[in-house]
Amino acid sequence: MKMQRVILLALPLLLLIGCATTAVSTARKYFAALEERDFETAKKFVASGSYEAFEWLELDEEKHTYKVLRQEEASETESTVYYTVDGNPTERTIKVVKVDDLWLVELSGEDK
């Protein structure tokens with residue numbers, strides 16, 4: 001009985017994350033959630049080792065827009081996604097890693 005409850009509670013999260021099947025789709029969903037300032041959803045796309053860096057994003061009171069430009073795949077489990085913020089032409093990068101078959105954003109102190 002407990003196992004059924006756990007599965008039912010975990011299913012929506014798995015479906016949400018399961019839809020992010022590529023590094024680019026993960027980055028787009030992550031940025032879309034940030035644009036809406038929906039930090040709860042955005043955090044679902046963040047690698048657990050990056051939670052501390054992610055918490056700094058919640059302190060930013062300004063609303064931003066993000067545009068994903070392209071990705072460079074470093075390996076089967078690591079990609080770099082290039083993006084811009086608020087229409088500024090300066091390209092930024094974010095690392096996306098594959099953990100247990102899920103693509104997740106990996107933040108560093110520089111991503112604050």
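The values are calculated or read from the model by the stated rules, or taken from the named source; none is laboratory data. These figures come from a predicted structure and were not determined experimentally. Don't worry about glycine lacking a Cβ; one is built from the backbone with ideal geometry, like all the others, and counts go over all protein chains shown.
Among the conditions (1) assigned to a helix (DSSP H, G or I); (2) modelled with pLDDT under 90, residue 20 misses just one, which is (1). Scanning region 25-36 for residues that are surrounded by 15 or more Cβ atoms within 10 Å (Cβ to Cβ) and free of Cβ contacts under 8 Å to residues at least 60 places away in the same chain yields 28, 29, 31, 32, 33, 34.
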